1. So in the range 212-301, what percent of DSSP beta bridges are antiparallel if you round to the nearest 5?
2. How far, in degrees from 0 to 90, does helix 303-315 lean away from the longest principal axis of the Cα atoms of the chain, to the nearest 10?
3. Determine, from the Cβ-Cβ distance of Asn220 and Glu128 and an R0 of 45 Å, the FRET efficiency 1/(1 + (r/R0)^6), rounded to the nearest 0.05.
4. In the structure displayed, which of Lys7/Lys58; Lys118/Lys249; Lys81/Lys145 lie more than 20 Å apart, Cα to Cα?
5. Against the longest alpha carbon principal axis of the chain, how many degrees, from 0 to 90 and to the nearest 10, is the axis of helix 268-278 turned?
6. Output the pairs from Lys71/Lys201; Lys241/Lys304; Lys225/Lys310 with a Cα-Cα distance over 28 Å in this structure; if there are none, say none.
7. Which value at 222 nm does the chain reach when only helices count, each DSSP H run of 4 or more adding -39,500 (n - 2.57), with the total divided by all residues and rounded to the nearest 500 deg cm²/dmol?
8. Can you list the HN-Hα couplings for the range 202-208, worked out from phi with the Karplus curve (6.51, -1.76, 1.60; θ = phi - 60°), rounded to whole Hz and with x for Gly and Pro?
Amino acid sequence: MDKIDIKSLQVEEVKNLMVELGDKAFRGKQIYDWMHVKLADSFDEMSNLSKSLREQLKERCELINLTVVDKLESAAGETAKYLFRLSDDRVIESVLMKYHHGNSVCISSQVGCRMGCKFCASTIGGLERNLSASEMLDQIYKIQKLSGERVSNIVVMGTGEPLDNMENLLTFIKIISDENGLNISQRNITVSTCGLVEKIKELAHENLQITLAISLHAPNDTVRKELMPVANKYTIDEVLKACEYYFDKTGRRITFEYSLVEGVNDSKEYALELSSRIKGLNCHVNLIPVNPIKERNYRQSESKYIQNFKNILEKNRINVTIRREMGTDINAACGQLRKSYMDQGK
């Protein structure tokens, strides 16, 4: 009999499990508190439970517990990248970024990725499997315990396409924002997608207050197809209509991620085209100086082109920022640490 992944259960489900095991429902609340507030790594730590109940839990349930394989810290101390081992020996990575407004953690949602975006190391090798809600949660829990500092913002923008793992993503969001757990506001959670149109519409009906970020990276389908294979399935028009639908249902402003690649998508003409394309949408554009990876020949745009691109968007009344570069000295871009670890045959 497969063991129950108890950390992926919501509080009412844990209470119901306790009743099924012949115990009181309030025990479920105690266990939930141990997992999601005290961040216990084992049932043995749950000292207010009887020894017999702890043994019963060990027999019937598994308590997902990621293991730190490696940690890299930027020279400035503002960014730390963690490589975690899963129970099946696969590895994933997460990044802690320290800002004045609080600590943000970027987590992975899958082992590998099948979306194939040309400038991303996460896609090299394809998709191995989805992460469970508990494996997504434990990235945050481990980083909070190891850093000794509270995590206040979450970005689901690491390895993987979150909307390709929708069920586990939704469970993760509900647990991490639950007032019985870490109680991180949904408004402080950003989920990034390369633009899976049907899934965006599905997400719009979940009554969440998260921020949806769309990896756009191009102002037209021709350029987007060069960078992102998903553009062969969904046109930019279809993606933008899904964004309008999402905003109409949730009232939440959309973020467009735009990685600037030298000579590919960073020209003045493309800035003007992007402006006309998204004008009228309640949105914010996040310009990202692309992180070069050795497997691809893309280079980061020069700072003058990045600034010119920003200026053109601003002149067209588009809300825009340039993402501050953090962790370049530790290869903090998606998939880089995991890829280098795997290349070493570990």
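Any read-out appearing in this document is the output of simple, stated calculations on the displayed coordinates, not a laboratory observation. The structure presented is a predicted model; accordingly, all values stated were derived computationally and were not measured. With ideal geometry, Cβ positions are generated from the backbone for all residues, glycine too; neighbour counts draw on all protein chains shown.
1. Numbers: 1 of 11 bridges.
Of those bridges, close to 10 percent are antiparallel.
2. The two axes meet at around 90 degrees.
3. Working: r = 33 Å, r/R0 = 0.73.
Working from the Cβ atoms, E equals 0.85.
4. Cα-Cα > 20 Å for Lys118/Lys249; rest within.
5. In the chain, helix 268-278 runs at an angle near 60 degrees to the longest axis.
6. Working: Lys71/Lys201 37 Å; Lys241/Lys304 32 Å; Lys225/Lys310 23 Å.
Result: Lys71/Lys201; Lys241/Lys304 exceed 28 Å.
7. On the way: 11 runs with 120 residues, N = 346.
About -10500 deg cm²/dmol.
8. With coefficients 6.51, -1.76 and 1.60, one gets 5, 4, 4, 8, 8, 6, 9 Hz.
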